[in-house]
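Comments concern the structure below.
Read-outs throughout are calculated quantities, based only on the coordinates presented, and are distinct from any laboratory measurement. All values reported here derive from a predicted model rather than from experimental measurement. Every residue, glycine as well, gets a Cβ built from its backbone with ideal geometry; the counts of neighbours run over all protein chains shown.
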Amino acid sequence: MIDVVFLLIAFFMTITSEITDENIKIEVPIAEEAQVPEERGIRQTISIDSEGNIFFGSQLFTPDELSGAIRTVLAANPETRVYLRADARTPHRYVQDVMKATAAAGLYDVIFATNQE
């Protein structure tokens, strides 16, 4: 019985490390007035790293490809919204590219990720 428990522990530790590796490491900017929205709804995460690489979930996209992916998600669920995470060192032009891509896909409800001090 103890062997089975140890095997389960090892399995879940391995799976957990694989899941956390998919997260994009981003240091979001600090905003003193940051608030958690009351209604979050269904949010798809878009991340932009400090080099301007755009990730939809954990997949790398160009702004044009991102519009297509968002259109696909919106077709499946029109209530979808976006949670945009950009690194504090990301040039703003990349954030603008993502905002243009979401608008081109017909999605206008975007929440920006920030931290409070």
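Hey, what angle do you get for helix 92-105 against the long axis of the chain, alpha-carbon based, 0 to 90 degrees rounded to 10?
Value to nearest ten degrees: 90.
Given the DSSP H assignment, sum -39500 (n - 2.57) over each helix run of at least 4 residues in the chain and divide by its residue total; what's the result at 222 nm in deg cm²/dmol, nearest 500?
-13500 deg cm²/dmol
Any chance you could check the Cα centroid distance between segment 23-71 and segment 94-115 for me, in angstrom?
Taking the Cα centre of each part, segment 23-71 and segment 94-115 sit 8 Å apart.
Length gain on complete extension for the stretch ILE111 to VAL36, per 0.36 nm per residue less the alpha carbon to alpha carbon distance?
26.0 nm
If you put +1 on each Lys and Arg Cβ and -1 on each Asp and Glu Cβ, how big is the dipole of the chain around its Cα centre, in Debye rounded to 20?
My answer is approximately 320 debye.
Any chance you could give the angle, 0 to 90 degrees and rounded to 10, that helix 2-21 forms with the longest Cα principal axis of the chain?
Long axis of 2-21 versus the principal axis of the chain: about 20 degrees.
Starting from the amide H of ARG81, placed 1.01 Å from N in the peptide plane, find each other amide H under 5 Å away whose residue is 5 or more places distant or on another chain.
Amide H neighbours of ARG81: ILE42, ARG43, GLN44.
List the equivalent ellipsoid semi-axes of the chain in whole Å, largest first, each obtained as the square root of 5λ for an eigenvalue λ of the Cα gyration tensor.
30, 18, 15
Roughly how tilted is helix 63-76, in degrees to the nearest 10 and between 0 and 90, from the longest Cα axis of the chain?
The angle comes out at about 70 degrees.
At a threshold of 8 angstrom on Cα-Cα distance, excluding pairs fewer than six apart, so keeping six or more, what relative contact order does the chain reach in percent?
33
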